[in-house]
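The values are calculated or read from the model by the stated rules, or taken from the named source; none is laboratory data. Predicted, not measured: the structure shown is a model, and the values here were computed from it. We place every Cβ from the backbone using ideal geometry, glycine too, and count neighbours over all the protein chains shown.
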Amino acid sequence: MVSEVALRIGLIGYRHRFPELPPSARFRRYAELFSTVELPQTRNRIPEKEVVLRWARRAPEGFVYSFQAPKYLTYRPSGEERRTLRKFLRRFHLLGRHRGGVRFSLPEDLDPAAFGEWLAMLEGLGLPGDYAFEGPRALEERALAAGHAAVRLAQGPFLYRIEPEDPPLEAPGYAYFEDLARALRYSTRAQGGTSTNQTR
């Protein structure tokens, strides 16, 4: 959660980073440099409970994970959609204090009225979090009205940005990059010139 911190900088995925290190050492090195990571593997499959708990145990204090929402969500209310969303968010909540945000990628052809009903379904689950929505403007505006963040509009109660050109480092939220060098540049600035992760 971002309530007490400025913008967190991180990468989209870390497992293929630092190939010079053995796999067991890559996360430790990553967490020395950044305070967050967005996990792309959660888009393809809801992680098992034991996996999420293992992520939480190995995270240093002040480090948070963000998830990508499952690609098979329809964003149309139904019994199956509710069960899938609830399972996914319950797994996300297992991260506890290491919980970051969730990025939901909306279909371009999604009906705004159906999405409005879906947002009400999300609210009814009673699993609040830093939820950010990425999609057409009309849909992002609906997400904003429901109290969530809009990725492309760069608005909301917190920021959730992907490859931003010049992120506002003082604003609460998350910014994720594919390029390690760019992420390090902004992370160093956000931490006042240091190059290691600090709890803020």
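Yes/no per residue for (1) of a type in the set (A, V, I, L, M, F, W, C); (2) more than 17 Å from residue 184 (Cβ to Cβ):
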| position | (1), (2) |
| --- | --- |
| 13 | no, no |
| 34 | yes, no |
| 44 | no, yes |
| 54 | no, yes |
| 59 | yes, yes |
| 96 | no, yes |
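Of the residues 52, 37, only one is closer than 18 Å to residue 179 by Cβ and in contact (Cβ under 8 Å) with a residue 24 or more places away in the chain; which? Break it down into steps so the answer makes sense when it comes.
Working: 52 fails: closer than 18 Å to residue 179 by Cβ.
Being closer than 18 Å to residue 179 by Cβ and in contact (Cβ under 8 Å) with a residue 24 or more places away in the chain holds for just one of 52, 37, which is 37.
Which number in (1) more than 21 Å from residue 156 (Cβ to Cβ); (2) touching a strand residue (DSSP E or B) at 6+ places or on another chain (Cβ under 9 Å) marks the one condition that residue 51 misses?
Among (1) more than 21 Å from residue 156 (Cβ to Cβ); (2) touching a strand residue (DSSP E or B) at 6+ places or on another chain (Cβ under 9 Å), the lone unmet condition for residue 51 is (2).
Restricting to segment 163-189, and then to whatever is among the aliphatic types (A, V, I, L, M) and touching a Lys or Arg at 6+ places or on another chain (Cβ under 8 Å), can you tell me which residue is modelled with the lowest pLDDT?
Initially, segment 163-189 is screened for residues among the aliphatic types (A, V, I, L, M), giving 169, 171, 175, 180-181, 183-184.
Filter again for touching a Lys or Arg at 6+ places or on another chain (Cβ under 8 Å), leaving 169, 175, 180.
Details: 169: 91, 175: 97, 180: 94.
Among residues in segment 163-189 that are among the aliphatic types (A, V, I, L, M) and touching a Lys or Arg at 6+ places or on another chain (Cβ under 8 Å), the one modelled with the lowest pLDDT is 169.
Under 6 Å between Cβ atoms, at least 6 apart or on separate chains: pull out the pairs that start in segment 156-180 with a residue that is in contact (Cβ under 8 Å) with a residue 12 or more places away in the chain and end on any residue that is polar (S, T, N, Q) and surrounded by fewer than 20 Cβ atoms within 10 Å (Cβ to Cβ).
Pairs found: none.
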